[in-house]
Structures are given as C-alpha cells and as structure tokens.
1. What would the Debye formula give as log10 I(q)/I(0) at q = 0.09, 0.11 Å⁻¹ for the alpha-carbon point model of the chain, no solvent?
2. Using a basic spin-label model with each label point 7 Å from the Cα along Cα→Cβ, how many nm lie between Glu176 and Val119?
3. Stretched out fully, how many nm does the piece from Met1 to Glu440 gain, at 0.36 nm a residue minus the Cα gap?
4. Starting from the Cα-Cα distance between Thr456 and Ile88, subtract it from 0.36 nm times their residue separation and give me the gain in nm to one decimal.
5. Note down the magnitude of the dipole of the chain about its Cα centre, charges +1 on Lys and Arg C-beta and -1 on Asp and Glu C-beta and zero elsewhere, to the nearest 20 debye.
6. Sort 308-321, 466-479, 411-424, 178-191 by packing, meaning the average of other beta carbons within 10 Å per residue, with the highest value first.
7. For region 241-264 and region 104-145, what is the separation of their C-alpha centers, rounded to whole Å?
8. Looking at the chain, send over the antiparallel percent of its DSSP beta bridges, to the nearest 5.
Amino acid sequence: MPGPNGANAFIAGALNLQSGVTLWIDDGVTLFASRDPRQYDKVKGTASCGIITASDNGCLALINASKIANAAVVGDGVIDGRGGSPLISSVPNDPNLLKRPNGGGTMSWWDIGWMANKVLNQAQNNPRLVQISNGRNFTLYRVTLQNAPKFHVVPGGVEGFTAWGVKIYTPTAAYEAMTNYLGMPYSPDTAKNTDGIDPGSSGPITSNPGNPGKLKGDASNILIAYTSIRTGDDNIAIKGGTGKVNGRTYNVTVAHSHFYSGHGMSIGSETAGTDNDAPNPDVTPVDGILPSVSNVNVYDLVIDGADNGLRIKSDWSRSGLVSDIRYSNACIRTPESSSDGKPQALIFSPYYSPTKNNGLYPSFRNIALDGVRIVNASSYTFQGFNSASPLLQGSGWSAGTVGWPNPPVVNPLSISLNNVVADAAPLNFTVADALVTLGESGTSLPFEARSGVVVTNAAAGGKSVAPVDCSKAFVPFPGR
C-alpha cells in the first residue's frame with residue numbers, strides 16, 4: 001500500500017507465494033521487478049538467468065506459486081517487469097552481465113530476447129512475471145501487468161485458474177520512446193516472447209507438501225474474463241504439453257475480453273499431453289482418441305491489431321488431438337501488415353514451424369465458429385494434417401527416426417462455420433485436407449469442394465441472420 005510522503009513503489013526479486021496467501025497491490029502502487037539477473041538464478045551463486053543458451057529454463061519468475069492452493073494476486077496496482085531497462089548486477093564485475101555490442105551499456109531483457117531469437121537462433125533466459133506451477137485455485141483480479149521480460153502469466157498444470165479484469169500492456173509508452181541495442185524502437189514486435197496468459201498442462205506431480213493429493217498435470221477449469229491484453233507475442237496461448245506423459249488441458253473459457261497488438265487467440269503449439277492415455281471422466285474421447293486440448297469456449301472477444309486472430313497451431317513433433325473448440329460473437333480487425341508476413345484473421349494449421357517427425361500428429365476436430373466478423377481485408381488458412389503434404393518437404397522439416405508414414409497419415413480439419421462474415425475479400429485463402437460444414441447462416445468466405453476438401457452446405461435456403469455488430473467493438477486500451 002502507499003506509504004508516507006508519497007512512497008508508492010516496491011522493488012523485488014523472485015517472490016514465492018504460499019497456500020492461502022493473497023498478494024495485494026493497492027491502487028497507485030507499482031511493484032517493480034529487480035533488474036539484477038542474479039535475483040532470479042535458480043541456484044544461488046550459479047549464473048543461469050540473463051544469459052543466452054540452447055534452453056530457456058534458467059530463471060525463476062518474479063512471482064512464483066508452486067504446488068500450492070487458494071492463492072491470489074489482486075488489487076488495482078501495477079506489476080512492472082522493466083523489460084526494456086538496462087540490467088545491473090549485485091555481483092561486482094559480473095562476467096555474466098551481457099553488454100550491448102555497440103558499447104552503449106548493458107543489455108536489457110528485451111535486448112537479450114531479440115538477440116537470442118532473431119540473431120543467434122537460441123533461447124533467452126529471462127524471468128516471467130507470474131508462474132503458477134502444479135497447484136489448485138489461483139486468482140488474478142484487476143491488477144495491471146506490464147513490461148514483462150518474457151511471458152506475463154503462465155498457469156502450468158493448474159486445476160482452477162481465474163483471471164478477471166486483468167490488464168496486460170507491453171511495452172508501455174515510456175519504453176516505446178526508447179530503442180534496443182540495434183537502434184530499433186521498443187514495440188510489440190521487438191519485445192519477443194512476451195505472451196499474455198498461457199495456460200497449459202504439465203507433467204504429473206506426486207509429491208506436493210501443503211497441497212495433498214496427486215496433481216495429474218492437467219490444466220482445467222480456467223476462466224479468463226474482462227481482460228485487456230496488448231503484448232509482443234500470443235495474447236493468449238492455450239497449451240497441452242509436448243508429450244503424452246503430460247496432463248491434458250480442458251474446460252477453458254475466454255470471455256468478454258479485448259486483445260490488441262500480439263499474435264491473437266491461440267491454441268498450441270504444444271498439444272500432445274494425455275496423461276499417457278489414462279481415462280479421465282472430464283475428457284471425452286473422439287472416435288476413441290483422447291484429446292490433449294478440449295472443451296474450449298471463446299466468446300464476446302474483440303481482436304484489434306493482432307497479426308493473427310483465432311488460431312490453432314501445432315506440428316508433428318508435439319501434437320495430438322484438439323477437439324470441441326467453440327468461438328462465438330467475435331470481432332476481428334487485423335493490421336495491414338506484420339513483421340512475419342500478411343496478417344491472418346483465421347488460421348488453423350498443423351504446420352506451425354519446421355521440425356522433425358516425432359510421430360505426434362496434429363488432429364483438429366469439432367472446431368466451431370458461430371458469429372464471427374472480420375471487418376477488413378486479411379488472409380485465411382484452414383489446413384488439416386497430411387504427412388504427404390508438399391509443405392513437409394520444405395526447408396527445416398525432417399522425417400527424423402520415425403520416418404515417413406506409409407500409408408500417409410491424414411487427419412482432416414473438421415470445422416463448422418455459421419454466420420462468419422468477412423467485410424472484405426480475402427487477401428489470401430488457403431484450404432487443404434478439410435471437412436467444412438457451413439451452417440444455416442453460412443459464411444462469406446469462398447469455400448469450394450475439391451480434392452481433399454469436402455464442403456457440406458446447410459446454408460442453402462437457410463435463415464438470414466445479421467452479422468455480429470462490431471460498430472462499437474474497437475475501443476482504446478482502457479486507461480491508456
């Protein structure tokens with residue numbers, strides 16, 4: 001809370017929440033993250049944070065909640081990760097404190113992220129703002145999170161998570177007036193991997209003092225509502241683990257929210273976890289196959305300025321079944337261009353990034369869009385998985401030790417569209433290996449049946465329904 005004589009800021013390194021504890025950040029108060037990487041090293045005395053390596057597991061988060069229950073971060077205050085500020089060190093002449101190559105002082109967290117991802121093709125060891133690992137019933141309420149060094153909020157393997165009225169804004173205006181080590185202005189494009197909220201499953205946990213009972217690694221019963229997210233990567237990315245040993249992700253609702261700059265409302269790219277195919281009464285098999293991510297309901301969502309709108313992404317190194325995903329009452333406005341190519345309002349693709357074949361084949365089933373409007377010109381991709389696709393012959397793809405499936409594996413995209421309206425003709429429209437059902441109110445998108453694409457049209461003679469009203473949807477980020 002505010003102190004005497006106008007004191008209104010706190011600085012902290014890695015904090016650990018306990019079961020039953022709420023961290024309150026009062027109105028007018030900012031909790032700043034320390035700029036000292038040594039405060040986030042996982043083992044004191046061993047530098048693992050603030051460096052560039054092949055993996056990105058070297059940092060504690062600013063706020064850590066591991067194997068606990070009934071904890072929260074609430075209040076109308078701010079948590080600021082200071083991602084664009086020069087780093088310092090509590091170790092004299094710290095040899096692990098990275099310097100800007102141009103001699104302009106020390107690197108910032110975002111400098112490290114850009115160099116690692118865009119220059120060296122390695123990983124940034126930057127702290128997250130909030131990491132909830134393998135627990136139950138965690139709440140974020142009303143707080144503003146900004147300028148994260150990396151991901152803002154990651155609930156991993158959490159059974160019961162609510163984010164309500166949360167604002168995520170990165171970078172803030174003060175940082176956008178500054179430049180990175182290459183002289184490029186800080187922006188959502190240059191603050192790499194600063195995802196908004198990424199709920200996902202994890203491996204099973206059998207030893208968790210203070211939180212009795214086995215945690216299966218499931219991410220379940222998740223509600224994200226009345227949130228506003230502007231960031232440098234996925235606004236939300238729902239994930240399902242990199243291997244079958246991981247738990248599942250299910251019963252997720254995203255409602256009454258606004259997304260701004262970012263990579264949109266994503267599912268994936270990790271969608272493989274099924275708790276080794278163990279039965280689960282809360283997860284419904286599809287044709288005998290257990291989904292990794294299922295029962296996701298996204299509604300009353302405005303996406304304004306993200307270079308992807310609604311997206312499901314994965315590949316054959318880390319995927320499985322994604323099923324029963326519903327999008328409704330959504331308004332989408334994409335930018336005219338993006339750093340990684342033409343923006344896509346709707347993109348469902350099992351060819352997310354070039355990888356080797358691990359035999360974990362993507363399958364997107366029972367995807368439903370009902371009441372979605374795209375108000376400007378954009379591109380669209382609707383692809384099922386086909387191991388004989390020419391895309392897998394491109395640069396970076398490899399059959400690995402698994403080899404090329406014979407006969408080919410074909411998992412068509414199963415998707416339905418009803419009252420899906422694009423106000424402008426698509427800039428690009430890709431459909432392959434798909435089973436498309438058009439509802440009574442149809443779509444203005446130009447689906448046509450051809451080899452590998454089946455279109456079932458229930459729209460002929462159907463009822464006419466007005467498109468989603470987006471006239472008042474696009475509003476400035478609240479409080480900015």
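Bear in mind these aren't lab numbers, they're just calculated from the coordinates by the rules spelled out. Just so you know, these numbers come straight off a predicted model, no measurement behind them. Positions of Cβ are generated from backbone atoms using ideal geometry, with glycine treated the same way; all protein chains shown enter the neighbour counts.
1. Results for the chain at q = 0.09, 0.11 Å⁻¹ read -0.60, -0.91.
2. In this crude label model, Glu176 to Val119 measures out at 2.5 nm.
3. So the chain would gain 152.5 nm between Met1 and Glu440.
4. On the way: separation 368, 0.36 × 368 = 132.48 nm, distance 6.05 nm.
Gain in length upon complete extension: 126.4 nm.
5. Its charge dipole is roughly 660 debye.
6. Listed from highest to lowest mean packing, they are 308-321, 411-424, 178-191, 466-479.
7. If you average the Cα positions of each part, the centres end up 18 Å apart.
8. If we restrict to bridges inside the chain, about 10 percent are antiparallel.
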